[in-house]
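Trainee: Here it is, the structure, as structure tokens.
The values are calculated or read from the model by the stated rules, or taken from the named source; none is laboratory data. Note that the coordinates shown come from a computational prediction; the quantities given were computed from them, not determined experimentally. When we count neighbours, we look across all protein chains shown, and the Cβ atoms used for this are built from the backbone with ideal geometry, even at glycine.
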Amino acid sequence: MTTTKPSKQTALRTHTCGELNASNNGQTVTLTGWVDSKRNHGGVLFINLRDLYGVTQVVAGPDSPVFKTAEEAKSEYVLRVTGSVRPRPGANANKNMPTGEIEIEAADITVLNVSQPLPFDLGEHAGVLEETRLKYRFLDLRRPLMAHNLVLRSRLSQVVRNYLYSLDFNEIETPMLTRSTPEGARDFVVPSRNAPGEFYALPQSPQQFKQVLMMSGMDRYFQLARNFRDEELRSDRQPEHTQIDLEMSFVDEQDVARVVEGLMGEIFAHIGEQISGPFPEIEFTDVMLKYGSDKPDLRYALEIKDCSSLFKDSQFKVFSGALADGGAVRAIKGEKAAAFSRGDMDKLTELVKKHGAKGLVWLRFKDGKWESPTLKFMTEPELAGLKTLLDVNEGDAVFLAADKPVIAAPCLGALRNELIARLKPAPIKKWAFLWVRHFPLLEKDAESGHWTFAHNPFTAPLPEEAHKLDTDPGNIRSCQYDLVLNGVELGSGSVRNHTRAIQEKIFALMGYDKEQVQRRFGMIVNAMDFGAPPHGGIGMGYDRLIGIICGTESIRDVIAFPKTTSGACLMSDAPSAIDEGQLKELHLKITE
Ligand code: ASP
């Protein structure tokens, strides 16, 4: 049997609105699409007919039998146009448009559907409230830019799949109705009808299942997985988001990194960008020292310097007090920031105060001299040392924070971001990938006083530091790694615990007794009893990645049907109340 491969030609059209060019001149074609715009030039009607693939100009002259239909067609009417392809008269050709050399002389126009006047102009959407765009998402998605984002997203999922299949990963679905896996957020829960008073949790990630798949001998798993996290929403967060989630057996951190770097290489090659690994890597403690953030934007060179030793004999109470308290004095240079006004300096001071600092010390280097309200507290050798350490030149400014390292780091990190935003230094690269490695395994939970995980409770300690689980649990580095791109945390992962003994020790430090471990994590710890292999993996935010690639401000622009920052879908009106009958079936009662 011979079959022809289906094409975009269908019963209703011969071509799409994006494919005709001068080589089609003289052909009779049928196009379908929406009225994107319409103009009347001296009695001749020009309709731009649009579909997903492009826009084609349709012409109806005053004597044309279809003139009346063309005249009556309004924005977003759905038309079927038959006519002949002809060259646009010389001056009218539009080289910037793939179909810009031709037009269709309409011989027949059928109105397939009409449209009400639009709630917003699809061409002039700039001032439109996002709420309106989300309520009429079906119209918003007709805008070529939005359509482009979704199509690219779809194509890139294919790239991801092809690459991972080529490395023998298996794509395996994991349940949506499940138990909670802690990833540091609140769960969304679904009441069970069959088990009164019991609930499923929507997965915060497929974490436990993917690990169990490794314990099942699946060797390499991936999934474009949907994760549900009930947390405060921002422009880069949604209550449900997609991850490229993967897990591999018999690996170390570097094995996972090579797979991810190759994947990024393929994805970026698809958009014409060359990316190659290995990506730079930096220890968590070093990244906090140098950049004040665990997701620094390394397109920019700005670095924080520790100048505690310069000020060890300082007479300045702010410095000597912080140093005596076990703190540090750290500084960052703003190139050409001496132009900042007092008002600017005040704003920067407010910014660091928001991050916990008591204040900000700043100095401007102008006309070969330092100037600062705190200059009198500094000695010549201290200033000379600062100038050398930070390579200060005419017109630069220096900002210093003196505090406990846990406060000084984020303050200067926030300041670094602000300096980048204000000074707009030239980027040293377009795509700055970075691995941040060896986060602390455990942190103290301020509320409970227990240890809690920094990434997830399944992360393994560095083997050479595991012995400290009994003696010094706060000082253990873990096998956790984060992938950062242009200042965005793109993914997190780790090499996992695969023995029950270590996993239980970590749970115990987190305050879970054996019974609680069994109840909450029985599935995974039980599987560890039966020959669990060493394994590790990562989850990478797919919406964020596509957002960066598409250059959007918000990940909502790369998700077909996103929710607002209050978690609502304005088009479907979710969430919504359910009726009494449903509540009863679910054994639920709403109380005020
Ligand atoms: N489950 C983790 C997350 O969603 C990813 C991982 O550790 O593989 O961040």
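Trainee: Could you please give the count of residues in region 281-300 that are assigned to a strand (DSSP E or B) and hydrophobic (A, V, I, L, M, F, W, C)? Step through it out loud before you land on a result.
Mentor: Narrowing region 281-300 to residues assigned to a strand (DSSP E or B): 281-283.
Okay, now just the ones that are also hydrophobic (A, V, I, L, M, F, W, C), so 282.
Total satisfying the criteria: 1.
Trainee: For R155, are the conditions met, namely being surrounded by 16 or more Cβ atoms within 10 Å (Cβ to Cβ), at pLDDT 95 or above and among the basic types (K, R)? Working first, answer last.
Mentor: Values: surrounded by 16 or more Cβ atoms within 10 Å (Cβ to Cβ): no; at pLDDT 95 or above: yes; among the basic types (K, R): yes.
When the stated conditions are applied, R155 does not pass them.
Trainee: Separate question: Among the candidates G321, G334, G326, G343, single out the residue that is exposed (fewer than 15 other Cβ atoms within 10 Å of the Cβ) and touching a strand residue (DSSP E or B) at 6+ places or on another chain (Cβ under 8 Å).
Mentor: On the way: G334 fails: exposed (fewer than 15 other Cβ atoms within 10 Å of the Cβ); G326 fails: touching a strand residue (DSSP E or B) at 6+ places or on another chain (Cβ under 8 Å); G343 fails: touching a strand residue (DSSP E or B) at 6+ places or on another chain (Cβ under 8 Å).
Just one listed residue meets the conditions, G321.
Trainee: So, one more: Within 11 Å of the ligand (Cβ to nearest atom), surrounded by fewer than 21 Cβ atoms within 10 Å (Cβ to Cβ) and either at pLDDT below 95 or of a type outside the set (F, W, Y) (or both): is that true of E489 in this structure? It would help to see each step written out before you state the result.
Mentor: Working: within 11 Å of the ligand (Cβ to nearest atom): yes; surrounded by fewer than 21 Cβ atoms within 10 Å (Cβ to Cβ): yes; either at pLDDT below 95 or of a type outside the set (F, W, Y) (or both): yes.
Yes, satisfied.
Trainee: Among F311, F316, which is in contact (Cβ under 8 Å) with a residue 40 or more places away in the chain, away from the ligand (no atom under 16 Å from the Cβ) and buried (at least 21 other Cβ atoms within 10 Å of the Cβ)? Let's see the steps before the verdict.
Mentor: On the way: F316 fails: buried (at least 21 other Cβ atoms within 10 Å of the Cβ).
F311 is the lone residue from the list that is in contact (Cβ under 8 Å) with a residue 40 or more places away in the chain, away from the ligand (no atom under 16 Å from the Cβ) and buried (at least 21 other Cβ atoms within 10 Å of the Cβ).
Trainee: Quick check on region 555-579: of everything there that is surrounded by 17 or more Cβ atoms within 10 Å (Cβ to Cβ) and away from the ligand (no atom under 16 Å from the Cβ), which residue is farthest from I267 (Cα to Cα)? If you could, list the steps in order and put the result at the bottom.
Mentor: Filtering region 555-579 for residues surrounded by 17 or more Cβ atoms within 10 Å (Cβ to Cβ) gives 555-559, 562-563, 569-570.
Among the residues that remain, those that are also away from the ligand (no atom under 16 Å from the Cβ) are: 556-559, 562-563, 569-570.
On the way: R556: 20, D557: 19, V558: 16, I559: 18, P562: 23, K563: 26, C569: 30, L570: 32 Å.
Once the filter is applied, the top-ranked residue is L570.
Trainee: Let me ask something else. Hey, can you tell me all the residues within region 371-390 that are outside any helix (DSSP H, G or I) and in contact with a Lys or Arg (Cβ under 7 Å, 6 or more places away or on another chain)? Can you show your working first?
Mentor: Of region 371-390, the ones outside any helix (DSSP H, G or I) are 371-374, 378-379.
If the condition is that a residue be outside any helix (DSSP H, G or I) and in contact with a Lys or Arg (Cβ under 7 Å, 6 or more places away or on another chain), then E371, S372 are the ones that fit.
Trainee: Within region 173-182, identify whether any single residue is surrounded by 18 or more Cβ atoms within 10 Å (Cβ to Cβ), among the β-branched types (V, I, T) and within 24 Å of the chain's Cα centre (by Cα), and answer yes or no.
Mentor: Scanning region 173-182 turns up at least one residue that is surrounded by 18 or more Cβ atoms within 10 Å (Cβ to Cβ), among the β-branched types (V, I, T) and within 24 Å of the chain's Cα centre (by Cα).
Trainee: For R193, work out the one condition from (1) more than 24 Å from the chain's Cα centre (by Cα); (2) more than 24 Å from P533 (Cα to Cα); (3) surrounded by 14 or more Cβ atoms within 10 Å (Cβ to Cβ); (4) of a type in the set (D, E, K, R) it doesn't fulfil.
Mentor: Unmet condition: (3).
Trainee: With the condition being within 16 Å of the ligand (Cβ to nearest atom) and of a type outside the set (D, E, K, R), I'd like the strands (runs of 3 or more DSSP E) fully within region 134-242 carrying at least 2 qualifying residues. Show your work before the answer.
Mentor: On the way: elements: 189-191, 199-201, 220-228.
Passing ranges, in order: 220-228.
Trainee: If I506 passes every condition in (1) touching a residue at least 60 places away in the same chain (Cβ under 8 Å); (2) within 16 Å of the ligand (Cβ to nearest atom); (3) closer than 30 Å to G413 by Cα; (4) buried (at least 21 other Cβ atoms within 10 Å of the Cβ) but one, which one does it miss?
Mentor: (3)
Trainee: Taking the conditions exactly as written (closer than 30 Å to L386 by Cβ and acidic (D, E)), does D313 satisfy them or not? Don't jump to the end; show me each part of the working.
Mentor: Numbers: closer than 30 Å to L386 by Cβ: yes; acidic (D, E): yes.
Against the criterion (closer than 30 Å to L386 by Cβ and acidic (D, E)), D313 qualifies.
Trainee: Right, another one. Could you please give the count of residues in region 444-456 that are more than 11 Å from G511 (Cβ to Cβ) and either buried (at least 17 other Cβ atoms within 10 Å of the Cβ) or within 16 Å of the ligand (Cβ to nearest atom) (or both)?
Mentor: 4
Trainee: Please go through region 243-280 and give me each residue that is touching a strand residue (DSSP E or B) at 6+ places or on another chain (Cβ under 9 Å) and either in a loop (DSSP other than H, G, I, E, B) or surrounded by fewer than 16 Cβ atoms within 10 Å (Cβ to Cβ) (or both), ordered by number. Give the steps one after another, and end with the answer.
Mentor: Here is the first cut: in region 243-280, the ones touching a strand residue (DSSP E or B) at 6+ places or on another chain (Cβ under 9 Å) are 243-253, 255-257, 259-261, 263-264, 275, 277-280.
Across region 243-280, the qualifying residues are F250, V251, D252, D255, I275, G277, P278, F279, P280.
Trainee: Just to verify a result, which residue in region 371-405, among those that are among the hydrophobic types (A, V, I, L, M, F, W, C) and surrounded by fewer than 16 Cβ atoms within 10 Å (Cβ to Cβ), is nearest to L289 (Cα to Cα)?
Mentor: Just the residues of region 371-405 that are among the hydrophobic types (A, V, I, L, M, F, W, C), to begin with: 375, 377-378, 383-384, 386, 389-390, 392, 397-402.
Retained after the next criterion (residues that are surrounded by fewer than 16 Cβ atoms within 10 Å (Cβ to Cβ)): 375, 384.
Numbers: L375: 25, A384: 22 Å.
Selected residue: A384.
Trainee: Does region 455-500 hold any residues that are touching a residue at least 60 places away in the same chain (Cβ under 8 Å) and acidic (D, E), and which are they?
Mentor: D482, E489 - these are the residues of region 455-500 that are touching a residue at least 60 places away in the same chain (Cβ under 8 Å) and acidic (D, E).
Trainee: Might you check whether a residue that is more than 15 Å from the chain's Cα centre (by Cα), among the hydrophobic types (A, V, I, L, M, F, W, C), within 16 Å of the ligand (Cβ to nearest atom) and under 28 Å from E198 (Cα atoms) occurs anywhere in region 527-544?
Mentor: No, region 527-544 has no match at all.
Residue-by-condition table, conditions (1) closer than 29 Å to G491 by Cα; (2) over 11 Å from the mean Cα position of the chain (by Cα):
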{"site": "I548", "(1), (2)": "yes, no"}
{"site": "R556", "(1), (2)": "yes, no"}
{"site": "A560", "(1), (2)": "yes, yes"}
{"site": "T564", "(1), (2)": "yes, yes"}
{"site": "A568", "(1), (2)": "yes, yes"}
{"site": "A577", "(1), (2)": "no, yes"}
{"site": "E580", "(1), (2)": "no, yes"}
{"site": "L586", "(1), (2)": "no, yes"}
{"site": "K589", "(1), (2)": "no, yes"}
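Trainee: Every residue in region 404-437 that is among the aliphatic types (A, V, I, L, M), touching a residue at least 12 places away in the same chain (Cβ under 8 Å) and part of a helix (DSSP H, G or I), please.
Mentor: The first filter runs over region 404-437 and keeps only residues among the aliphatic types (A, V, I, L, M), leaving 406-409, 412, 414-415, 419-421, 423, 426, 428, 432, 434, 436.
With the extra rule that they be touching a residue at least 12 places away in the same chain (Cβ under 8 Å), the set shrinks to 407-409, 412, 414-415, 419-420, 423, 428, 432, 434, 436.
Selection gives I407, A408, A409, L412, A414, L415, L419, I420, L423.
Trainee: Suppose we keep only residues that are closer than 16 Å to N40 by Cβ and of a type in the set (K, R) within region 65-118. Which one would you say is surrounded by the most Cβ atoms within 10 Å (Cβ to Cβ)?
Mentor: K74
Trainee: Need the failing condition index for R39 against (1) free of Cβ contacts under 8 Å to residues at least 60 places away in the same chain; (2) exposed (fewer than 15 other Cβ atoms within 10 Å of the Cβ); (3) not in a strand (DSSP E or B), just the number.
Mentor: Among (1) free of Cβ contacts under 8 Å to residues at least 60 places away in the same chain; (2) exposed (fewer than 15 other Cβ atoms within 10 Å of the Cβ); (3) not in a strand (DSSP E or B), R39 violates only (3).
Trainee: If Q211 meets every condition in (1) over 30 Å from L583 (Cβ atoms); (2) free of Cβ contacts under 8 Å to residues at least 40 places away in the same chain apart from one, which number is that one?
Mentor: Going through the list (1) over 30 Å from L583 (Cβ atoms); (2) free of Cβ contacts under 8 Å to residues at least 40 places away in the same chain, Q211 breaks only (2).
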